[in-house]
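The values are calculated or read from the model by the stated rules, or taken from the named source; none is laboratory data. Note that the structure is a prediction, hence the values are computed from the model and not measured. Using ideal geometry, Cβ is built from the backbone for each residue, glycine included, and neighbour counts are taken over all protein chains shown.
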Amino acid sequence: MSVLFEVHGMSCAHCVAAITSAVTPLPGVTSVDVALAEGTVRVEGTPDVDAVTAAIEDAGYDATAVTP
C-alpha cells in the first residue's frame, strides 16, 4: 500500500532530508519517496495517514493526503 501526499513549502535537498527523516521512523512506513519537483511525498507500507501528516507538518511543511 502507498499513500501520496501533496506537500507545500519544499524547495531543496534539505527539505527532502527533513521530511524523509521525520517520516521514515513512523510505524508501518517501509519507504519514503520525496519528489521535490512535483511537490509530493509517497509513503509505502501501512502508515497512519494522520501520523505522517503530523510528522511532515512538524518538520515545517503543509501536507495533504491525496490517496488515503
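Brief remarks follow.
- Pro68 vs. criteria surrounded by fewer than 14 Cβ atoms within 10 Å (Cβ to Cβ), modelled with pLDDT of 95 or more and either of a type outside the set (D, E, K, R) or within 11 Å of Leu4 (Cβ to Cβ) (or both): no
- Per-region count, segment 9-34, residues under 11 Å from the mean Cα position of the chain (by Cα) and either among the charged types (D, E, K, R) or loosely packed, with under 13 Cβ neighbours inside 10 Å (or both): 4
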